[in-house]
Amino acid sequence: MTVAAVVLAAGAATRYGGPKQAEFLPAVLAALGRTQITEVVVVAGAHPLCVDSTQARVVQCDRWADGPGTSLRCGLEALGDEVEHALVVLADGPDLDPRAVERLIEHRDDGPVVAAAYEGGRSHPVVLTRSVWHDVPDEGGRVMPAVLVDCSDLEAPGDVDFRR
């Protein structure tokens with residue numbers, strides 16, 4: 001498998017009012033555990049994270065406040081040379097469907113950036129081929145043009161910014 005996962009969990013979660021990563025990350029890791037992904041890197045930043053080492057490896061991004069792209073680049077840099085594609089998911093996307101992950105992996109060679117689309121709107125997961133990792137801007141991968149893969153038959157993973 002040449003695909004590894006990068007889970008973005010570095011933000012301050014100020015709109016949420018606390019470290020939402022601790023609340024939502026277990027569900028995201030459980031969903032990834034039901035896929036063919038065997039290497040998972042969680043990018044921490046503003047808040048320390050406790051993660052079972054059998055589920056993922058945590059990397060600290062000290063420059064997390066520079067933007068989501070900085071956190072993403074930290075995660076990408078932590079991946080081994082054998083990894084050709086990175087599947088990017090959000091720690092605050094607790095409804096991640098393992099079938100969306102598998103679908104994006106199937107389409108990983110459709111373009112340098114491949115993103116799930118729900119009802120026509122771009123979302124997560126996103127797959128980045130190694131050739132574009134150095135192009136990730138501070139704003140993050142969301143500003144990079146992507147080939148969209150329809151996942152409208154599945155529930156979107158969510159992006160929780162406020163308490164439900």
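The values are calculated or read from the model by the stated rules, or taken from the named source; none is laboratory data. On a predicted model such as this, the values are computed, not experimentally measured, just so you know. Using ideal geometry, Cβ is built from the backbone for each residue, glycine included, and neighbour counts are taken over all protein chains shown. In case anyone asks, the SASA skips ligands and DNA or RNA and just uses the protein heavy atoms, side chains included. Shrake-Rupley method; radii C 1.70, N 1.55, O 1.52, S 1.80 Å.
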Before I look further, what does the chain give for accessible area per residue, probe 1.4 Å, in whole square angstrom?
47 Å²
Which of Val113, Val127, Val59 moves the most in a Gaussian network model of the chain with Cα springs under 10 Å?
Val59
Strictly under 4.7 angstrom between C-beta atoms: which cysteines of the chain have no such partner?
Cys50, Cys151
Loop GluC sites (Glu not before Pro), the stretch 106-150 (other Cβ atoms within 10 Å of the site Cβ: 10 or fewer; DSSP)
Glu119
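Could you sort the peptides 85-91, 29-35 by per-residue average Cβ neighbour count (10 Å cutoff), highest mean leading?
85-91, 29-35
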Note: Ser53 to Arg99 extended length (0.36 nm per residue) minus current alpha-carbon separation gives 14.2 nm
Give the carbon-plus-sulfur fraction of the accessible surface of the chain in %, rounded to a whole number; probe 1.4 Å, heavy atoms of protein chains only.
50 percent
Between Gln21, Gln60, Gln36, find the one with the highest GNM mean-square fluctuation for the chain; connect C-alpha pairs within less than 10 Å.
Gln36
Rounded if a/c is under 1.5, else prolate if a/b is larger than b/c, else oblate: which is the stretch 84-129, with a ≥ b ≥ c the root eigenvalues of its Cα gyration tensor?
prolate
